[in-house]
Amino acid sequence: MPSVAASVAQVPRSRIRELAEIAMSIDGVLRLYFGESNLPTPDYIKQAAIRAMNEGFTFYTENAGLPSTRRAIAAHYRKLHGVEIDPATEIIVTASGVQALNLGIRCALDPGDEAIALTPAWPNGSANAMLSNAAVHEIPHPLCGNRYRVDFDALERAVTSRTRLLIYTSPSNPLGWVATDEEQQGLLEFVRRHDLWLLADEVYDRLYYSGSRLGEPVPSILRKATRADSVMVVHSFSKSYCMTGWRLGFLIARRDLAAKATQTNEFVVSHAPSFTQKAGETALAEGEGELLRMLERLKENRELCLEALGGIAGVTVPKPDGAFYVFPRIDGLTDSFAFCRRLLEETRVGLAPGVAFGTGGEGSVRICYAAERSILEPALERVARFLRAGG
Ligand SMILES: Cc1ncc(COP(=O)(O)O)c(C=O)c1O
């Protein structure tokens with residue numbers, strides 16, 4: 001009997017999913033383990049999808065996505081970042097951010113290559129590199145005072161003759177870390193010096209609390225990169241527009257990689273769903289008001305988390321600048337999965353275990369604060385009580 005391919009057998013299980021599956025079998029759980037809120041997609045986006053279906057957007061589209069959707073993305077980037085991206089050659093609309101990760105990584109790595117990932121990070125970047133039969137070196141962000149940093153010395157030490165790709169996420173899931181201008185420049189110079197691809201996961205770019213005003217995006221790496229740089233950016237509609245279930249994202253990349261990713265897409269999903277792409281156009285065009293309201297709510301929720309967990313002995317909660325997570329570090333914690341499981345069974349609160357986020361993640365738990373107050377407040381109370389009682 002043939003066995004499952006060894007390359008797939010070695011792909012690890014997502015430990016966030018593992019915890020979630022236990023939680024889903026229990027009634028009445030306050031769910032803060034996934035990166036989404038309990039709020040539905042705004043109505044104007046749902047209506048746009050219905051309109052698109054009625055207008056006939058139910059057929060196959062181009063592998064790179066509808067030209068109108070790519071033009072809308074390019075216009076959005078011009079407005080937000082002052083960057084010109086060619087919709088015909090540098091954008092691929094994908095069926096989710098994770099599919100953009102998959103395509104980008106697939107096109108950058110050969111079997112036996114090596115990738116470097118800055119961690120703790122959402123595990124799907126490293127897992128996709130492993131799916132490409134590459135080895136991954138995870139380099140943790142050191143915590144200096146109250147801020148995470150990039151360990152450039154460790155990056156230099158991790159490079160070998162097989163290294164082809166560096167993956168980083170800013171704003172970070174789970175840390176909320178946002179790369180500074182100097183850190184972005186340093187990462188770009190690092191990949192230029194070592195001839196690597198740079199994959200910047202910017203899916204949380206709009207969820208930023210330290211700009212000059214709420215709504216200002218985290219500056220994209222594309223503001224610094226030239227069109228000839230080996231840089232790609234992964235994006236998603238999931239977080240900014242509450243569209244997690246729709247599966248819509250995009251990849252921006254240098255044109256040679258973008259051309260191959262477009263062809264490759266044919267054999268993966270062919271393209272993102274047609275009416276979903278049209279709904280995404282509406283989200284980009286009309287979404288600012290709703291986004292701002294969400295950001296105000298998220299910023300208050302972030303404060304609530306910091307207050308609820310801040311004073312607990314043995315718990316360190318670095319203040320995140322972006323995304324919608326806090327990642328408290330708990331002194332003496334060596335098995336965050338067991339901790340989350342106990343918390344779930346004893347208090348009916350579901351968090352994501354830090355171990356799920358790779359090197360540097362163990363010893364912490366991730367709390368997603370995107371949920372409504374009616375869920376977040378009691379959940380935080382229970383977590384704080386559990387921690388005070390010694391976990
Ligand atoms: C860092 C990061 N990148 C990409 C994604 C992918 O989002 P989606 O596949 O829902 O578009 C997520 C989702 O949690 C994420 O946290």
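Laboratory data are not the source of any read-out in this text; all were calculated from the coordinates shown. Bear in mind that the values here come from a model prediction, so they are computed numbers and not experimental data. Neighbour counts run over all protein chains shown; Cβ positions are idealised from the backbone, glycine included.
Quick notes on this one:
- Number of Lys-Lys pairs in the chain with C-alpha atoms under 22 Å apart and a separation of 8 or more places or on different chains: 9.
- Put simply, the amide H of Phe250, placed in the peptide plane, has neighbours under 5 Å in Thr94, His235, Ser236, leaving out anything fewer than 5 places away on its chain.
- Rounded to whole Hz, the Karplus (6.51, -1.76, 1.60) HN-Hα couplings of region 34-42, x for glycine and proline: 8, x, 7, 8, 8, 7, x, 4, x
- Approximate spin-label separation Ala313-Leu39, in nm, with each point projected 7 Å along Cα-to-Cβ: 3.8
- Inter-part distance where region 258-275 and region 164-234 are each reduced to a Cα centre, Å: 24
- Sorting 348-361, 255-268 by their mean Cβ neighbour count within 10 Å, with the most densely packed peptide first, gives 348-361, 255-268.
- Our helix-only sum for the chain, with -39,500 (n - 2.57) per DSSP H run of n ≥ 4 divided by its residues, gives a mean residue ellipticity at 222 nm of -12500 deg cm²/dmol.
- Among 106-119, 272-285, sorting by the average number of other beta carbon atoms lying within 10 angstrom of each residue, highest first, gives 272-285, 106-119.
- Within-14-Å neighbourhood charge of Ala135 [Cβ basis; K, R +1; D, E -1]: -2
- Most mobile listed residue (Tyr209, Tyr44, Tyr369) in the chain, GNM with C-alpha springs under 10 Å: Tyr44
- With R₀ fixed at 35 Å, the C-beta to C-beta distance from Ile375 to Asn54 puts the FRET efficiency at about 0.50.
- Estimated distance in nm for a label pair at Asn146 and Asp335, the labels positioned 7 Å out from Cα along Cα-to-Cβ: 3.4
- Remark: spin-label model distance Ser161-Glu300 equals 6.0 nm, labels positioned 7 Å along the Cα→Cβ axis.
- Against the compact-protein benchmark of 2.2 N^0.38 Å, the Cα-based radius of gyration of region 1-130 scales to 1.38.
- In order through region 270-282: 3J(HN,Hα) via Karplus (6.51 cos²θ - 1.76 cosθ + 1.60), integer Hz, x for Gly, Pro: 6, 5, 6, x, 4, 5, 5, 4, 5, 5, x, 4, 5
- For Leu198, the residues 5 or more places off, or on other chains, whose built amide H falls under 5 Å of its own are Leu166, Val231, Met232.
- Sites Thr226 and Arg385 - FRET efficiency at Förster radius 56 Å, r taken between beta-carbons, to 0.05: 0.60
- Fraction of beta bridges assigned by DSSP in region 149-308 that are antiparallel (%, nearest 5): 35
- Spatial separation of Cα centroids for region 24-42 and region 58-79, in angstrom: 31
- Shape of region 100-147, Cα gyration tensor, a/c cut at 1.5: prolate
- At q = 0.10, 0.11, 0.12, 0.13 Å⁻¹, base-10 log of I(q)/I(0) for the chain (Debye sum, equal scatterers on each alpha carbon): -0.64, -0.78, -0.94, -1.11
- Rg/Rh ratio calculated on Cα atoms of region 1-78 (Kirkwood radius): 1.13
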